[in-house]
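Structure record follows, encoded as structure tokens.
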Amino acid sequence: MKAVIFDFDGTIIDTETIWFEVYQEILKETYEMELPLAEFAKCIGTTDEGFFLYIENQTGMKIDKQEIKNLATECFLEKKGILEVREGVKEKLDEAKELGYKIGLASSSSREWVEGFLRQFELWDYFSVIKTKEDVAKVKPDPALYLQALAELQVEPQEALAIEDSLNGALAAIEAGMECIVIPNQVTSFLNFHEKAVRSESFFDFSFKKIK
């Protein structure tokens, strides 16, 4: 193995659990609507188009997507102080660095979003390549983000490992021809992942040294 490519949201920092809580609160208050985790999980790691379509189908009305997004962002920012790097991530980044692996990041989020958190938590310098939604026509589960990261890292898919937390992310990595380890978080732990993905309950449960 020559490289490891990390997903960001939910993998490095569990932003997804807060987003779920935020949307639960907003939809209940605004539309008296319950939001099942199974429905929210479908949009994790990809675009939110299907999520808002689900809301419209449930409420039977045309909704102001931007207004809901603005409300959600406002609520998220109020809660973001509780965010921290997932346990074991720093150790895995250090291990990859010590082994001489090239380290990349592939995220369906915006570059501004990803970069802000990486700098805040002093992780920016670990990554030699960062690919975000601005770099591709289609985000995950399309493999484009991973394929671009692989190309810039100058490694073949079979020489790299993806670290993910979601169904859409794992599918993108596998479609790109990579091996993938999934470390679920609070809102993805109930999911059944692609048969080719290796599930690990913790970053401490596997070692890069044992992956060839």
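I'm trying to understand the selection: among the residues of the range 27-44, which are in a loop (DSSP other than H, G, I, E, B), open to solvent by less than 20 Å² (accessible area, probe 1.4 Å) and within 17 Å of ALA170 (Cβ to Cβ)? Walk me through it before giving the result.
Filtering the range 27-44 down to residues in a loop (DSSP other than H, G, I, E, B) leaves 32-36, 42-44.
Right, trim to open to solvent by less than 20 Å² (accessible area, probe 1.4 Å) and you get 33, 35, 44.
Once the filter is applied, which keeps residues that are in a loop (DSSP other than H, G, I, E, B), open to solvent by less than 20 Å² (accessible area, probe 1.4 Å) and within 17 Å of ALA170 (Cβ to Cβ), the range 27-44 yields only ILE44.
Would you call PHE190 touching a helix residue (DSSP H, G or I) at 6+ places or on another chain (Cβ under 9 Å), among the aromatic types (Phe, Trp, Tyr) and surrounded by fewer than 16 Cβ atoms within 10 Å (Cβ to Cβ)?
Spelling it out, PHE190 is indeed touching a helix residue (DSSP H, G or I) at 6+ places or on another chain (Cβ under 9 Å), among the aromatic types (Phe, Trp, Tyr) and surrounded by fewer than 16 Cβ atoms within 10 Å (Cβ to Cβ).
Being open to solvent by less than 50 Å² (accessible area, probe 1.4 Å) and of a type outside the set (A, V, I, L, M, F, W, C) is the filter here; which residues of the range 120-140 pass it?
TYR126, LYS131, THR132, LYS140
Looking at (1) in contact with a Phe, Trp or Tyr (Cβ under 8 Å, 6 or more places away or on another chain); (2) in a helix (DSSP H, G or I); (3) free of Cβ contacts under 8 Å to residues at least 40 places away in the same chain, which is the only condition ILE68 fails?
Every listed condition holds for ILE68 apart from (3).
Could you go through the range 8-17 and let me know if any residue there is without any contact (Cβ under 8 Å) to a residue 60 or more places away in the chain and either open to solvent by 10 Å² or more (accessible area, probe 1.4 Å) or assigned to a helix (DSSP H, G or I) (or both).
no
Which residue out of GLY60, GLY45, GLY50 is on the phi < 0 side of the Ramachandran plot, modelled with pLDDT under 95 and either hydroxyl-bearing (Ser, Thr, Tyr) or out of contact with any His (no Cβ under 6 Å at 6 or more places or on another chain) (or both)?
Numbers: GLY60 fails: on the phi < 0 side of the Ramachandran plot; GLY45 fails: on the phi < 0 side of the Ramachandran plot.
That would be GLY50, the only listed residue that is on the phi < 0 side of the Ramachandran plot, modelled with pLDDT under 95 and either hydroxyl-bearing (Ser, Thr, Tyr) or out of contact with any His (no Cβ under 6 Å at 6 or more places or on another chain) (or both).
What's the number of the only condition in (1) farther than 24 Å from GLY50 by Cα; (2) open to solvent by 40 Å² or more (accessible area, probe 1.4 Å); (3) modelled with pLDDT of 95 or more that LYS209 fails to meet?
The one condition LYS209 does not meet is (3).
Looking at the range 88-108, which of the residues that are in a helix (DSSP H, G or I) and among the aliphatic types (A, V, I, L, M) is nearest to the chain's Cα centre (by Cα)?
Among those residues, the one meeting the criterion is VAL89.
Show the residue pairs that are 6+ apart or on different chains and have beta-carbon atoms under 7 Å apart, the first residue being within the range 31-58 and under 25 Å from VAL136 (Cα atoms) and without any contact (Cβ under 8 Å) to a residue 40 or more places away in the chain, the second being assigned to a loop (DSSP other than H, G, I, E, B) and open to solvent by less than 60 Å² (accessible area, probe 1.4 Å).
Hits for this filter: GLY50/CYS43; PHE51/CYS43; PHE52/ILE63.
Which residues, taken from the range 60-99, are open to solvent by less than 70 Å² (accessible area, probe 1.4 Å) and among the acidic types (Asp, Glu)?
Passing the criteria: ASP94, GLU95.
Please specify each residue of the range 149-179 satisfying the condition of being open to solvent by 30 Å² or more (accessible area, probe 1.4 Å) and of a type in the set (D, E, K, R).
GLU152, GLU156, GLU159, GLU175, GLU179
Quick one: would you say GLU175 is out of contact with any Asp or Glu (no Cβ under 6 Å at 6 or more places or on another chain) and within 16 Å of ILE211 (Cα to Cα)?
On the way: out of contact with any Asp or Glu (no Cβ under 6 Å at 6 or more places or on another chain): yes; within 16 Å of ILE211 (Cα to Cα): no.
No.
Select from the range 45-59 the residues that are surrounded by 14 or more Cβ atoms within 10 Å (Cβ to Cβ) and of a type in the set (S, T, N, Q) and write down the one among them that is nearest to PHE190 (Cα to Cα).
That would be THR46.
The values are calculated or read from the model by the stated rules, or taken from the named source; none is laboratory data. Because the structure is a prediction, the values reported are computed rather than measured. Every residue, glycine among them, receives a Cβ derived from its backbone with ideal geometry; neighbour counts consider all protein chains shown. Accessible surface areas use protein heavy atoms only, side chains included; no ligands, DNA or RNA. Shrake-Rupley method; radii C 1.70, N 1.55, O 1.52, S 1.80 Å.
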